[in-house]
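Readers should treat all values here as calculations from the given coordinates under stated rules, not as data from a laboratory. Remember, it's a predicted structure, so these values are computed and weren't measured experimentally. In this analysis, Cβ positions are derived from the backbone assuming ideal geometry, glycine residues included, and neighbour counts consider all displayed protein chains.
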Amino acid sequence: MDSIDKTKKGYLIYERIRHKRVFWIAGMAFFLWLVFTAIMLFLPPYDFPSDKIFEIEEGRGLREIAASLRSHNVIRSPLLFSVLVMAFGYERDIKAGLYYFEQPLSLIDIMYRLTDGNYEVTPFRATIAEGATVYGMGLFFEERGFFSAEDFWRAAGLHSLHYGNNGEYLPLANDYSIKTDLLEAKPAGEGLEGFLFPDTYFFPPGVSPQGVVHAMLENFDRKITSELREAIKNQGKDFYDVLIMASIIEREAFDGDDGRIISGILWKRLEQDYPLQVDAVLSYVTGRGSFELSIDDLNIDSPYNVYKRLGLPPTPISNPGLEAIEAAIFPEESDYWYYLHDAEGQAHYAKTFEEHKENKTRYLK
């Protein structure tokens, strides 16, 4: 009996030792995991926005700032950043402004940069007007000393038929690997006309044409929300067609209401196999405005001559803003088939061609 008790006692001791060893190993593994996780969270994300401008807006709280830093891949953990800032007592010391990150920084370095107001750069401000073309953008950047217009045209793909192209510049070769499915709608080899979102940008000194184009594409991807994409999908329309229509509306309309009515007219013409007959499309290849177009212009043999050809032009004719894009997606139905604008930009609509001719006589002197 004693031998059995001794054996049992020995077994129990062994089990206790084994369990302690298992708990110790598990505890060490958990501790190492915590250490590893903490180290990883302190390190910069793998897609840290090097060579980019990050803005902290005035009046933002720590929680909002931390969330914004995470959404822009500046930090890995908003919670850890907030805890770190509060532990140092810096929650009220973060300075609003534009920060330039030349290379990836750790969580602590980011904290010190933001609390010291170490902006590192005075960025260049560039405001791109709604309806600007790739050609016009190139001239804009050249005039302000960013880089040559030609370099921008090559980076963005100046269309071979654009009036400013002398035949030397080739369509876009680089399809810019940003995280968006929108560029997939673009025909292979076509330029980025239409995709370069007009907005106010802040670029670091020495920014390249490719860097500018990339920033515009990323902004475009953010502006086209999931709701807008879903609306296009539900309508059974191709995104590139919608973008082409938006680019026309941007050059034809003077406000949102005007744009939605014109959108309804133009989509209706397409559905009824009626030519668009839009001056702005011809202007893209002639360089002449509505009041300067000649009879010869109206008869040119070009895929952009929507007086003679049915359907949309082959590419966008400008880079539209959000209002024009929304007008293209959400047209307003009406009985109108025709429209024109007088010298003051006032729209005049007509249900019949006879009414349209009367409007021409009355308003286009």
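Observations
- Less than 5 angstrom separates the built amide H of residue 338 from those of 350, all sequence-distant by 5 or more or on a different chain.
- Taking 0.36 nm per residue of separation and subtracting the Cα-Cα distance, full extension of the segment from residue 332 to residue 108 would add 75.3 nm.
- GluC sites (Glu not before Pro) restricted to segment 309-346 and DSSP loop, no more than 16 other C-beta within 10 Å: 332, 333, 344
- Backbone geometry of segment 310-319 corresponds, through the Karplus equation with coefficients 6.51, -1.76 and 1.60 at θ = phi - 60°, to 3J(HN,Hα) couplings of 7, x, 6, x, x, 9, x, 10, 6, 10 Hz, x marking Gly and Pro.
- In this structure, the residue pairs whose Cα-Cα separation is over 26 Å, taken from 52/223; 186/268; 233/357; 186/223; 52/95, are 233/357.
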